[in-house]
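Notes to accompany the following structure.
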Amino acid sequence: MHPIVIIGSGMAGYTAAREFRKLNPEHELVMICADDAVNYAKPTLSNALVGNKAPEQIALGDASKMATQLNMRIEPLTWVKEILPEQHQLILEKDGQQTTQPYSKLVLAVGANPVRLAIAGDGSDDIHVVNNLDDYKLFRKNLEQHHDKRVVILGAGLIGCEFANDLQNTQHKVIVIDLAAQPLGRLLPEYVASSFQEKLEDIGIHFELGTTVEKVIKVENGDYQISLANGQSVVADLVLSAIGLQPNLELAKAADIHCSRGILTNGHLETNQADIYAIGDCAEVNGLLLPYVMPIMQQARALAKTLNGEKTHVHYPAMPVAVKTPAAPLTVLPAPVGVDVTWHSEELEDGMIAKATDSQDTLRGFVLLGATAAKQRLSLTKLVPDLIPAAV
Ligand SMILES: Cc1cc2nc3c(=O)[nH]c(=O)nc-3n(C[C@H](O)[C@H](O)[C@H](O)COP(=O)(O)OP(=O)(O)OC[C@H]3O[C@@H](n4cnc5c(N)ncnc54)[C@H](O)[C@@H]3O)c2cc1C
């Protein structure tokens, strides 16, 4: 019997392995990953500065520790170049050498890559992205080399705003630039977004909205001059791009695995190819692409049972996301795409509650801004129907 093979050592890969081991301590398990397979919690990256956490403290375990802990073989720094679904085999590449790896079942946990804007100028190659621990190490190193503490962030989405708050809290001067007219454009109604923005502005974060970056050029002292489409220009020590993530689809597409925005799976996390499953940021499950931690936990639990012989449907309850902006604590449960909702809001002394209800008056989403509103997270979540019911 060939091993179960997991591609990817991110939260999805490791959680799937851990859940499987709870059910089956023995079956041969192999993890192949392009990176060094260090286990870490990615959400920590956008609030590590304020807790004074060095990148080394974020790592929870290296490949050999994880291999022992989970009783599996881990192949770090190894690329999967090709999947041969008919043969149930992978073509691997490590240090320029190609080998093959057979599998009985294959789990794609290949994640997503940052979207990059085409920006002119000799400084554009130096724009940082932070989507893994190595990116973060480089970002921290460059941050520490500059003393003027001026950072420009492209993108006022969840990750851009979290980094902005973390940097501002550590005495950096932050400018956030976004083409949209408001932060967290896709997640918040306009009036909540402006209240959220005000709270971040109150601690000194500056927003330049409705515009984009056209050019980044290197100037003296290792600084960068950033020219905006609205005619303004700013000088900063470094530029961080956080304009979104794109699921990693190339490997799957080349193996004739159906993809849309993500790798398409049914509720059993099965792709169209026999014995190949997808989870995590790369997976579009029943038409839902939810690149967050909670869906990974739900997927991994269901998939572990399936891999252990008990075919199990994933359960998606309502899964709110907490945005890590202490200056404006925010919990968001976006209403499902395609559902028409009406927003109702309630002002509180330290924030607001906004509820999205559908035509049947059923709660489908909400936004909780401030510490008082956050206390309603559990009670409101219980009122929202499951996205994918427990068993269908
Ligand atoms: C800064 C930041 C903060 C976040 N904060 C939150 C939060 O507060 N709450 C929340 O719910 N979510 C948050 N998220 C999202 C959450 O972290 C992700 O949903 C999750 O980490 C994705 O894990 P993953 O395993 O699917 O993907 P990844 O972590 O991207 O892992 C992909 C893996 O696949 C490997 N791989 C890819 N292609 C190949 C190949 N061909 N061969 C071999 N290996 C390959 C990579 O090397 C990597 O090991 C945050 C994300 C970021 C970037």
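The values are calculated or read from the model by the stated rules, or taken from the named source; none is laboratory data. The structure presented is a predicted model; accordingly, all values stated were derived computationally and were not measured. No Cβ is skipped: glycine too gets one built from the backbone with ideal geometry, and neighbour counts run over all protein chains shown. Surface areas here come from the heavy atoms of the whole protein model, side chains and all, with no ligands, DNA or RNA. Shrake-Rupley method; radii C 1.70, N 1.55, O 1.52, S 1.80 Å.
A single member of 357, 312, 342, 362 is open to solvent by 10 Å² or more (accessible area, probe 1.4 Å), under 30 Å from residue 25 (Cβ atoms) and of a type in the set (Val, Ile, Thr), and it is 312.
Contact map, the stretch 53-67: first residue closer than 15 Å to residue 35 by Cα and open to solvent by 80 Å² or more (accessible area, probe 1.4 Å), second residue modelled with pLDDT of 95 or more and in a helix (DSSP H, G or I), Cβ cut-off under 7 Å, separation 6 or more or different chains; the map is empty.
Each row is one residue, and each column tells you yes or no for (1) touching a strand residue (DSSP E or B) at 6+ places or on another chain (Cβ under 9 Å); (2) open to solvent by 30 Å² or more (accessible area, probe 1.4 Å); (3) within 13 Å of the ligand (Cβ to nearest atom).
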{"residue": "130", "(1), (2), (3)": "yes, no, yes"}
{"residue": "154", "(1), (2), (3)": "yes, no, no"}
{"residue": "160", "(1), (2), (3)": "yes, no, yes"}
{"residue": "165", "(1), (2), (3)": "yes, no, yes"}
{"residue": "172", "(1), (2), (3)": "yes, no, no"}
{"residue": "175", "(1), (2), (3)": "yes, yes, no"}
{"residue": "178", "(1), (2), (3)": "yes, yes, no"}
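Hey, any hits in the stretch 221-234 for a residue that's assigned to a loop (DSSP other than H, G, I, E, B), more than 12 Å from the ligand (Cβ to nearest atom) and of a type in the set (S, T, N, Q)? Checked against the condition, which is being assigned to a loop (DSSP other than H, G, I, E, B), more than 12 Å from the ligand (Cβ to nearest atom) and of a type in the set (S, T, N, Q), the stretch 221-234 yields at least one hit. If the requirement is being of a type in the set (A, V, I, L, M) and within 18 Å of residue 300 (Cα to Cα), which of these qualifies: 48, 16, 59? Result of the check over 48, 16, 59: 16. Checking the stated criteria, residue 77 turns out to be open to solvent by 30 Å² or more (accessible area, probe 1.4 Å), within 14 Å of the ligand (Cβ to nearest atom) and either under 27 Å from residue 274 (Cβ atoms) or in contact (Cβ under 8 Å) with a residue 12 or more places away in the chain (or both). Any chance the stretch 84-100 includes a residue that's on the phi > 0 side of the Ramachandran plot and touching a strand residue (DSSP E or B) at 6+ places or on another chain (Cβ under 7 Å)? For the stretch 84-100, residues on the phi > 0 side of the Ramachandran plot and touching a strand residue (DSSP E or B) at 6+ places or on another chain (Cβ under 7 Å): present. For beta carbons closer than 6 Å, sequence separation of 6+ or different chains, a first residue in the stretch 25-50 that is under 15 Å from residue 61 (Cα atoms) and among the hydrophobic types (A, V, I, L, M, F, W, C) and a second that is more than 12 Å from the ligand (Cβ to nearest atom) and open to solvent by 20 Å² or more (accessible area, probe 1.4 Å), the qualifying pairs are 38/59; 38/62. Residues in the stretch 95-111 that are surrounded by fewer than 20 Cβ atoms within 10 Å (Cβ to Cβ) and under 28 Å from the mean Cα position of the chain (by Cα): 1 in all.
Let me confirm something: among 164, 118, which residue is in a loop (DSSP other than H, G, I, E, B) and hydrophobic (A, V, I, L, M, F, W, C)? 118 is the lone residue from the list that is in a loop (DSSP other than H, G, I, E, B) and hydrophobic (A, V, I, L, M, F, W, C).
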